[in-house]
Amino acid sequence: MAAGARPGQGDPAKGPDRSADPAVEPAADSAAGPPDGPAVGPADGSAVGPADGPAVGPMGGAPVGPVGGAPDPDTPVDEQAPDGGGKKAARKQRPFWKELPLLIVVALVLALLIKTFLVQAFSIPSDSMQNTLQRGDRVLVDKLTPWFGSEPERGEVVVFHDPDNWLAGEPTPESNVVQDFLSFIGLMPSSKEKDLIKRTIAVGGDTVECAKGGPVKVNGKALDEPYIFPGNTACDDKPFGPFKVPEGKIWVMGDHRQNSLDSRYHTDEATKGFVPVEDVVGRAVVVAWPINRWATLPVPDTFDQPGISAAAGLAPGAVGIAGALPLVLWRRRRLTGGRTAG
């Protein structure tokens, strides 16, 4: 007989032994309808549905139909979930114009953090670093590594604050509100700060010198300087040295030697031509603008030649002494202990 047949019309269909079904309690032999639904069916366990409602199958399973069953794919989402779940899933996103102020604030905060701790853009205002850098170039300066105690190394192009009025008399360009705002978030260099950009030639502990007609020497090693502006000499316009660079200071020079008021021109001042490491903003690592000028700023190979580092020349001896000292002390203690025991 078909499932859902009404009682009194033919023999009722007998259901299976429901006591063997683990999903059904053994004591339940008949299926009860809803509180206001139809009466309990025959004692053999077959459920009887209402006359105009969905019928319950003879196997004791779940009712067939939208109530309690799988959602109908042809039914809208909002109608499938009367408890509001569908409405939450179909909730519309906020308009973009309402989220735009938050996005702007987040972008400004990130830009400010990047400028403060990671990188900052600087504009090249002069020709003192030609041809490595041209007037109007924009360079990105690494400000992260100094936070971890890193100090400038020989050959690096660095940006530093004016150590002792090196830029005295240089005009300060006027800026507008937009430029001030862009410089505050790091998208433009500040027109109020007087910073310089030069190449680090010698660091603390080095001896640097240059005689007229000769090359620059660091710790007695002559530098081959292919980055010098074509037609310039190493220092014919201003010979110097030899000078011992104090610890915590650096000696800087421009690549356009005959157009750079660098360390050579400030030896009679309070700084003696040296730049304090604490005044160094960071290392210029890349020319970012204009696009056709994009280039990295690596350390030239001339600064990697053997023997140029005075500290490196002492390092092997210092390491040898440090390694031999414990062995000598151990041997002396053993010999002393042996004589005492005898």
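The values are calculated or read from the model by the stated rules, or taken from the named source; none is laboratory data. Just so it is clear, the structure is predicted and the values come from calculations on it, not from any experiment. Please note: Cβ atoms are built from the backbone with ideal geometry, for glycine as well, and neighbour counts cover all protein chains shown. Side chains included, ligands, DNA and RNA excluded: accessible areas come from the protein's heavy atoms. Shrake-Rupley method; radii C 1.70, N 1.55, O 1.52, S 1.80 Å.
Data for the structure
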quantity: Along principal axes, Cα extents of the range 244-306, largest first, whole Å; calculated: 41, 30, 25
quantity: Simple label model, 7 Å out from Cα along Cβ direction - Q134 to A211, nm; calculated: 3.9
quantity: Two-site label geometry, T267 and L118: point separation in nm, points 7 Å out along Cα→Cβ; calculated: 4.3
quantity: Neighbour cut-off at most 16 other Cβ (10 Å), DSSP loop, GluC sites (Glu not before Pro), the range 192-264; calculated: E193, E247
quantity: With every protein chain in place, the range 197-276: carbon and sulfur % of accessible area (1.4 Å); calculated: 52
